[in-house]
1. Any idea what diffusion coefficient the chain gets from Stokes-Einstein, in µm²/s, Kirkwood Rh on alpha carbon pairs, 4 °C, 1.567 mPa s?
2. With 10 angstrom as the radius, rank Tyr159, Tyr233 by how many other C-beta atoms surround their C-beta, starting from the fewest.
3. Remind me, what semi-axes does the stretch 153-220 give for its equivalent ellipsoid, largest first in whole Å, using sqrt of 5 times each Cα gyration tensor eigenvalue?
4. How do Met181, Met148 rank when sorted from fewest to most other Cβ atoms within 10 Å of their own Cβ?
5. Viscosity 0.692 mPa s, temperature 37 °C: what is the translational diffusion coefficient of the stretch 102-235 from Stokes-Einstein with a Kirkwood Rh over Cα pairs, rounded to a whole number of µm²/s?
6. Just going by the charge dipole of the chain, with Lys and Arg at +1 and Asp and Glu at -1 on Cβ, which of Leu179, Gly204, Ala132 is farthest out on the positive end?
7. Taking R0 as 30 Å, what's the FRET efficiency between Lys307 and Lys250 from their Cβ-Cβ distance, rounded to 0.05?
8. Starting from the eigenvalues of the Cα gyration tensor, five times each then square-rooted, give me the equivalent ellipsoid semi-axes of the stretch 221-318, largest first, whole Å.
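Every number here is computed from the coordinates shown, using simple stated rules; none is lab data. Please read these numbers as outputs of a predicted model, since none were measured by experiment. With ideal geometry, Cβ positions are generated from the backbone for all residues, glycine too; neighbour counts draw on all protein chains shown.
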Amino acid sequence: MKAFSGASLASAAVLALSISVGCAQVGQVTAKRSFKAANAAYQAQDYKKAVALYEETLKEDPNLAMAYFFLGNSLDNLYRPSKKGEPENEALLTRAVENYTLCAEKLSNSAIEDERKLGKLSLEYLVAAYGADKLADPAKAEPVLIKMIEMEPAEPSNYAVLGKIYEDAALYDDAEKVLLMSKAAKPKDSSVYLQLAGFYNRQGRFDKTIESLNQRAEIEPNNPEAFQTIAGYYWDETRGDSSLTADQKKEYITKGLEAVDKAISLKSDYVEAITFRGLLLRLQANGEKDPSKQQALIKEATSLGEKANELRKKAAGN
């Protein structure tokens with residue numbers, strides 16, 4: 001038997017490697033061509049065609065990670081909520097989730113910013129896919145959101161979505177904990193205080209609702225809307241909570257007026273604040289036993305309503 005020399009073996013290895021690399025390069029070229037055609041179909045919203053082309057792309061080059069997102073999103077767009085429960089329709093979402101997951105795994109920690117953004121977007125679409133109008137599986141959305149929070153600890157929206165998942169599952173302590181984490185992560189962001197206020201209000205914890213709104217106003221002392229929001233909550237609570245005593249109603253109306261007056265002092269033509277001042281005065285009139293004072297409050301409230309209407313007409317150009 002003829003023996004091969006070391007040089008011959010090395011040459012054979014190089015030849016095999018060159019053939020392998022050549023095939024890989026051909027595959028990459030074909031994949032890029034398919035990817036370009038797939039993107040054109042995607043932009044034209046021809047998602048069925050896009051799915052076939054993205055699948056062809058990934059068959060030629062499985063490392064073209066961006067294609068996983070667009071394949072997943074094309075499948076997601078083919079899903080029809082009106083056909084929820086139908087096996088073929090549900091399979092579209094299942095496959096979408098698989099591709100979103102692959103994209104997130106491959107790109108979330110990429111050194112390239114655009115790829116990281118696509119990885120993050122994949123996580124966001126994953127959460128949406130697990131939402132009530134699609135797969136309705138919040139338990140699977142939870143770890144995705146936790147990962148998103150770990151990736152972007154200063155992004156309040158991720159905490160808000162996770163908090164809502166816990167709230168909807170009646171895990172109220174966990175929901176509050178997550179929303180408080182959001183406030184701690186970004187204490188200068190007004191949205192975190194509004195999210196907390198909304199949560200506490202849904203739980204019937206009005207004292208904590210107002211506390212959160214006041215904290216928001218503290219970081220935005222020149223924002224009239226921050227004070228108008230406080231007034232709106234006082235008005236709504238006073239007229240909506242039948243368990244309040246007369247003294248509590250009087251206190252809430254007074255604090256609501258203080259807040260709305262602050263809003264008007266910051267913006268004298270603030271229509272919403274002027275309107276709410278009138279509404280609060282009417283509530284005050286309802287609890288007033290002195291007829292003359294009651295009529296004076298109603299008269300002022302009517303005047304404020306007319307002023308608000310004039311400002312609306314002026315703003316509309318009438």
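1. Values: Rh = 24.6 Å.
Once the numbers are plugged in, D ends up at 53 µm²/s.
2. Tyr233, Tyr159
3. Working from the Cα gyration tensor, I get semi-axes of 18, 15, 7 Å.
4. Values: Met181 17, Met148 23.
With the fewest neighbours first, Met181, Met148 line up as Met181, Met148.
5. On the way: Rh = 16.0 Å.
Translational diffusion coefficient: 205 µm²/s.
6. Result: Ala132.
7. 0.75
8. Values: eigenvalues 111, 58, 21 Å².
Its equivalent ellipsoid spans semi-axes of 24, 17, 10 Å.
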